[in-house]
Amino acid sequence: MTWPAGYGRRVLAEVDSTNAEAVRIAPTLTGPEWILGLRQTQGRGRRGRPWRDPGGNFAGTLVLRPEGPPGHVALLSFVAALALHDACCAVTGRPQAFELKWPNDVLLNGGKLAGILLESTGVGTGVAHLAIGIGVNLREVPEAATVEPGALRPVALMTETGIAVTPEECLDLLAAAFATRKAQFDADGFAPIREAWLARAARLGEDVIARTLRSTMEGRFETIDDTGNLVLVTAQGRMAIPAADIFFEGGTDASGD
């Protein structure tokens with residue numbers, strides 16, 4: 001696998017959090033940089049939730065200096081999700097087994113394989129640096145006691161497919177896929193990314209439950225709009241939701257970390 005031109009690569013034997021490391025090194029970088037932690041001791045997910053990182057799994061972050069307003073920069077989460085989907089399909093040859101869950105999870109056989117977390121530092125109203133943190137269960141799933149009650153069933157690539165991939169191999173595949181999708185995003189905007197994401201979306205056209213900090217809404221998952229919002233058709237009408245935890249019918253949490 002050819003490493004993409006213009007992207008840095010650093011592999012750390014141990015790190016507290018690859019996203020935290022991204023923030024530390026961002027001011028010194030002259031270009032985008034991938035960070036891989038072979039052991040991560042203080043990983044975290046959305047809303048401060050802990051991200052457990054058993055040995056042999058993938059814990060990595062891409063840190064870059066993005067262009068455009070914060071809303072445009074946030075769309076890179078969809079670019080990253082597509083790239084991770086591409087990498088998973090490339091290594092397994094099983095595209096039908098993988099789906100994307102809004103806003104930031106990759107599913108394998110209906111279980112949660114991976115999560116994506118975006119964190120940024122700002123300058124005024126802009127974004128100085130963006131850290132795209134990615135965790136993938138390559139070999140093991142988190143211990144049952146560490147999984148949030150009602151959470152989507154965690155799965156690992158090895159146990160679901162029998163295919164062993166090292167974190168370094170995963171990084172090489174993911175970096176190449178991201179560079180390709182990012183080039184498409186830069187050249188053509190969000191429209192083709194949105195179309196490709198929807199073609200791989202889990203539960204599209206089905207009823208889901210969206211929970212924000214203030215409310216819970218139930219409705220049919222119609223689409224994502226051109227700003228990445230989840231669009232639900234509810235009893236109260238059509239709603240665009242910028243951020244929420246998503247639960248599938250039956251009470252299973254599909255929220256991303």
Within segment 50-67, is even one residue at pLDDT below 95 and in a helix (DSSP H, G or I)? no
Go through segment 87-110 residue by residue and tally those that are in a loop (DSSP other than H, G, I, E, B) and either among the hydrophobic types (A, V, I, L, M, F, W, C) or closer than 14 Å to ALA199 by Cβ (or both). 1
Within segment 105-128, track down each residue that is among the polar types (S, T, N, Q) and at pLDDT 90 or above. ASN109, SER120
Only one of these is modelled with pLDDT of 90 or more, within 24 Å of GLY71 (Cβ to Cβ) and not β-branched (Val, Ile, Thr): ALA196, ALA176, ALA156. Name it. ALA196
Quick one: is PRO4 closer than 23 Å to LYS182 by Cβ, of a type outside the set (Phe, Trp, Tyr), modelled with pLDDT of 90 or more and in contact with a helix residue (DSSP H, G or I) (Cβ under 7 Å, 6 or more places away or on another chain)? yes
Test result for LEU171, over 16 Å from ASN104 (Cα atoms), touching a Lys or Arg at 6+ places or on another chain (Cβ under 8 Å), surrounded by 17 or more Cβ atoms within 10 Å (Cβ to Cβ) and not assigned by TED's automatic domain parsing to the domain that holds GLY31: no
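Listed here are the residues, each with its yes/no results for (1) in a strand (DSSP E or B); (2) under 24 Å from LEU108 (Cβ atoms); (3) of a type in the set (A, V, I, L, M, F, W, C).
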{"position": "ARG194", "(1), (2), (3)": "no, yes, no"}
{"position": "LEU198", "(1), (2), (3)": "no, yes, yes"}
{"position": "LEU213", "(1), (2), (3)": "no, no, yes"}
{"position": "PHE221", "(1), (2), (3)": "yes, yes, yes"}
{"position": "ASP226", "(1), (2), (3)": "no, no, no"}
{"position": "ALA240", "(1), (2), (3)": "yes, no, yes"}
{"position": "ALA243", "(1), (2), (3)": "no, no, yes"}
Six or more apart or on different chains, Cβ under 7 Å: which pairs go from a residue in segment 179-191 that's surrounded by 15 or more Cβ atoms within 10 Å (Cβ to Cβ) to one that's at pLDDT below 95 and among the hydroxyl-bearing types (Ser, Thr, Tyr)? Could you list them? none
Would you point out which residue out of LEU84, LEU117, LEU138 is in the same structural domain as GLN184 (by TED's automatic domain parsing), part of a strand (DSSP E or B) and either more than 25 Å from ILE224 (Cα to Cα) or not acidic (Asp, Glu) (or both)? LEU117
Answer yes if at least one residue in segment 14-27 is of a type in the set (Val, Ile, Thr), touching a Phe, Trp or Tyr at 6+ places or on another chain (Cβ under 8 Å), buried (at least 20 other Cβ atoms within 10 Å of the Cβ) and at pLDDT 95 or above, and no otherwise. no
So, in segment 236-257, exactly how many residues are farther than 27 Å from PRO70 by Cα and either modelled with pLDDT under 95 or polar (S, T, N, Q) (or both)? 7
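The values are calculated or read from the model by the stated rules, or taken from the named source; none is laboratory data. Since this is a predicted model, take the numbers as computed values, not measurements. Every residue, glycine among them, receives a Cβ derived from its backbone with ideal geometry; neighbour counts consider all protein chains shown.
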